[in-house]
Amino acid sequence: MADLKQQLDALREAVESLPESATASQIAQLESEARSLLAQSKNTVYEATARDLFAELARRSAPSSPESAPVRSLLRRARIRIEIAGDEDDVDEAIDILAQALERDPHNPETLELLREAASRSPHLELKVRGLLERYGLEVSRTAPPPPSPASADAPPPTERRRPPETGASPPSSDGTTGTTAALLSEIAQAYYSGEYQRTVDLANRVLAEDPDNAQAQEYRQKAEDNLLRGVVPDHRIPFDARVAYNRANSLVRAGNYDEAERLYREARDLAARAGIPSWKDVEQALLDIQDLSLARELLAEGDRLLAADDWDGALQKYEGALRVVPNDPLAQERIDLVRSVRQQYDQATVQLNMASGSLQDRARDLQEIHTLLASLRQLLPGSERLKRLVREVEERSDNLIAQLYTQAQGALTRVESATVLEEKHRLTIEAVRALETAAELEPTNEEITGLLQRARQSEADMAEARHIIERASALIAQNYENELSQARNMLAGLRSYAQDPRYRMIVADLLARHLERVEAALDEEDPQTAQRWLEMAKDEPFRILGRRTEILRLEEAIRQMRRRRYVVWTVSGIVILVVLAAVALATQPAWGPILNPPSPTPTSTPTITPLPSPTPTETLTPTPTDTPTATWTPSATPTPTDTPTPTDTPTATWTPSITPTPTDTPTPTDTPTATWTPSITPTPAILCIVFPNQNVNVRSQPSPVARQISVGMQGQRMDVLAQDLGNDNQRWYRVRFEVEDSTIVGWVRADLVIEAGEGCPPFRP
């Protein structure tokens, strides 16, 4: 018994410590314990105590009466308003709700307690509460009233055993029960299963009055009392119209139409009350839930209004209050996540904007990130003035930064024009390009920045190409071949805009020195034509940037002196030849004189006409004189002395001095270097096709990547393909011929480095 008393005391302490907002699961756990203790305390002195505790727990878990349910709903709404109050307006609304509760139940202690809590917030609210209580004749006490006892006035009294009037005893039946008791037990079972729990209790009390130990009557009475305390109503007792209204209200709740649903719930409750069901637990609970849902939607609406007004903290409080009213509400949770995300990103953007520092590029990158972040926030809250102000501030800073970047780029480009070193020009151009790219990222629609950026990029590409050309020309000059020097000269001639670059001038000076070496070599070989050709090249582009050099003047003078010496030798040789010819002419005058001045005809020609008297037959001997060659002897015999000038052959020896100038013909071997390229003049096979290099390619002496390089084919250079062959790298090679200045180059290039023109080359069959 002592253990039972201790258990009852512990249960009473647990019941008294339950808060007003205790959940159904907490109360259900205590109810099962109370039911167990009630069964143990049957027919003991502690039965009444256990029954009181069970009744208290049943009262807390059972729905309130129709009159107290609205009051509890109003108190619940007011309590939530006070708990989530962000300012006096929320507390003022809670006081208005409590005023409605006072109108229904002026003496509810919980209402008075909430009014006192609201009055403690500010003097203005205290004055309003005081006026409200004076209207109902109540006073404000600053001390909290004692907590209500577990068995409050509105709790239904525990069921008392009513002993029915004694009737005559009935004869006992065969199983130990009288006929009256058996009939009552049958009637109890029928009343219980028909849902008449109060009649079941009355009938069970009658049976227990006759037979206190009847277990069946005790069980029916206990279950009926539990159902009465809990407000359980069998479904078959609920009227059809009430069930229809209840189901329609459930559908409207799922659709979100809470006002119409609440009306239908009340209609269902009234129909059940008219049918003799004073308390329908499901409807009462649904009315409480619908009020919670309405309050949650009201709080969500207020939170949306505050969110639209950029009061994010107040909106968050409203949303959290709505989630507290209806736990796991997806709309409230979504709004809470939205407000927290917006506030976090806004704070992050504000901090990042205020902490932006470093170079212009770093600050531009930070502003771009902030702008992207704010753009996503603007999609979530398009009408937020707070975000608009921050966006305007970011745009103003972006405009200032764009102006600074543009000024920096212009300054860098201005310094490029005054710089002399190509590396410095390239570095400044890169700096300007980066600044303009950053400005273009911040403002892509600015045509002025875009145009300047394109020009700066073009200048950067030209400078990078110039650096590459200078390095390539330096490598070609180091090879010191005629074709390489010619190609390097052509490459450097196109870089006059970088004439002030020290490296460029140094390479040009090196190339000039190689040309002057060729001039000196030609002078040593006494080849003024070759020397003059190399010297003319040395005076052309790009060597003009070096000015008139003393070496060039000296070599020009040396070439002039060599030519003067040649002219003197040629003049002396000519004079000697003329003198010798004159002497020979004088010596052979008898031989060539008659030819130039033939003698006049002799009279011997007349006898040839005298044959006129020949018809006279007198003397036939007269023609004998014709046999005499007298007439033919006179002039014809004169040439015989021409044999005497045999000494005229001696003047042939006079030409021996003329042979002395022949050393002047010896320089002709100096043309042999040019003759080394004469194979290009030799007859070549038919042209197979025409190709163009897609980049600068090396021309090799053999179809092999390791063969000696004889020249470089520039991009776009026309090349005639003479033959095809398979190289040692298993690649197809073309034997090409092309013109470089005045020279013809013949060599091998790889087929994948050129582009075929027209119909292309014929198929290659190795």
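The values are calculated or read from the model by the stated rules, or taken from the named source; none is laboratory data. Predicted model, so just to flag it, every value in this text is computed and none were measured. Cβ: placed from backbone, ideal geometry, glycine included. Neighbour counts: every protein chain shown.
Could we say that GLU126 is more than 25 Å from ASP313 (Cβ to Cβ) and touching a residue at least 40 places away in the same chain (Cβ under 8 Å) here? Criteria not met by GLU126.
Of all the residues that make up the stretch 505-538, how many are among the acidic types (Asp, Glu) and in contact (Cβ under 8 Å) with a residue 24 or more places away in the chain? Step through it out loud before you land on a result.
Of the residues in the stretch 505-538, the ones among the acidic types (Asp, Glu) are 510, 517, 520, 524-527, 536.
Subset that is in contact (Cβ under 8 Å) with a residue 24 or more places away in the chain: 510, 520, 525-527.
Number satisfying all stated conditions: 5.
Residues being closer than 30 Å to ARG434 by Cβ and within 35 Å of the chain's Cα centre (by Cα) are represented in the stretch 337-348 by at least one member.
Consider only pairs whose beta carbons are under 8 Å apart and that are at least six residues apart or on different chains; among these, list those whose first residue lies in the stretch 307-329 and is assigned to a loop (DSSP other than H, G, I, E, B) and whose second residue is among the charged types (D, E, K, R). Close Cβ pairs (under 8 Å, with a partner that is among the charged types (D, E, K, R)) amount to ASP310/GLU385; ASP310/ARG386; VAL326/ASP292. Checking each residue in the stretch 289-321 for being aliphatic (A, V, I, L, M) and at pLDDT below 80 picks out ILE290, LEU293, LEU295, ALA296.
For the stretch 714-740, taking the residues that are more than 15 Å from ILE687 (Cα to Cα) and among the charged types (D, E, K, R), the one that is surrounded by the fewest Cβ atoms within 10 Å (Cβ to Cβ) is identified as ASP729. Answer with yes or no whether ALA461 is out of contact with any strand residue (DSSP E or B) (no Cβ under 8 Å at 6 or more places or on another chain), closer than 20 Å to GLN695 by Cβ and in contact (Cβ under 8 Å) with a residue 24 or more places away in the chain. No; evaluated as a whole, the condition is false for this residue.
Modelled with pLDDT of 80 or more and not assigned by TED's automatic domain parsing to the domain that holds GLU320, is that true of ARG72? Here the answer is no, as ARG72 does not meet what is asked. Residues in the stretch 343-364 that are part of a helix (DSSP H, G or I) and without any contact (Cβ under 8 Å) to a residue 40 or more places away in the chain: ARG343, GLN344, GLN345, ASP347, GLN348, VAL351, GLN352, ASN354, ASP362, ARG363.
I need the full set of residues from the stretch 295-309 which are more than 15 Å from ALA94 (Cα to Cα) and crowded, with 18+ Cβ neighbours inside 10 Å, in order please.
Going through the stretch 295-309, the residues more than 15 Å from ALA94 (Cα to Cα) turn out to be 297, 300-301, 303-309.
Those that are more than 15 Å from ALA94 (Cα to Cα) and crowded, with 18+ Cβ neighbours inside 10 Å: ARG297, LEU300, GLY303, LEU306, LEU307.
Cβ-Cβ distances below 9 Å connect the following pairs, each with a first residue in the stretch 365-380 that is over 15 Å from ASP347 (Cβ atoms) and of a type in the set (D, E, K, R), a second residue that is at pLDDT below 85 and assigned to a helix (DSSP H, G or I), and a separation of six or more residues or different chains: ASP366/GLN352; ASP366/LEU353. The set of residues from the stretch 539-567 being crowded, with 16+ Cβ neighbours inside 10 Å, part of a loop (DSSP other than H, G, I, E, B) and touching a residue at least 40 places away in the same chain (Cβ under 8 Å) comprises just one member, PRO542.
SER21 - would you say it is surrounded by fewer than 15 Cβ atoms within 10 Å (Cβ to Cβ), under 30 Å from TRP280 (Cβ atoms) and at pLDDT below 75? It would help to see each step written out before you state the result.
Values: surrounded by fewer than 15 Cβ atoms within 10 Å (Cβ to Cβ): yes; under 30 Å from TRP280 (Cβ atoms): yes; at pLDDT below 75: yes.
Considered against the rule, which asks whether it is surrounded by fewer than 15 Cβ atoms within 10 Å (Cβ to Cβ), under 30 Å from TRP280 (Cβ atoms) and at pLDDT below 75, SER21 comes out as yes.
Entry remark, the stretch 399-429: residues being buried (at least 16 other Cβ atoms within 10 Å of the Cβ), of a type outside the set (S, T, N, Q) and farther than 18 Å from GLN500 by Cα number 6 in total.
Residue check: is ALA488 without any contact (Cβ under 8 Å) to a residue 24 or more places away in the chain, surrounded by 14 or more Cβ atoms within 10 Å (Cβ to Cβ) and under 16 Å from VAL740 (Cα atoms)? Walk me through it before giving the result.
On the way: without any contact (Cβ under 8 Å) to a residue 24 or more places away in the chain: yes; surrounded by 14 or more Cβ atoms within 10 Å (Cβ to Cβ): yes; under 16 Å from VAL740 (Cα atoms): yes.
So ALA488 fits the description; yes.
State the number of residues belonging to the stretch 272-306 that are assigned to a helix (DSSP H, G or I) and among the hydroxyl-bearing types (Ser, Thr, Tyr). Residues meeting the conditions: 1.
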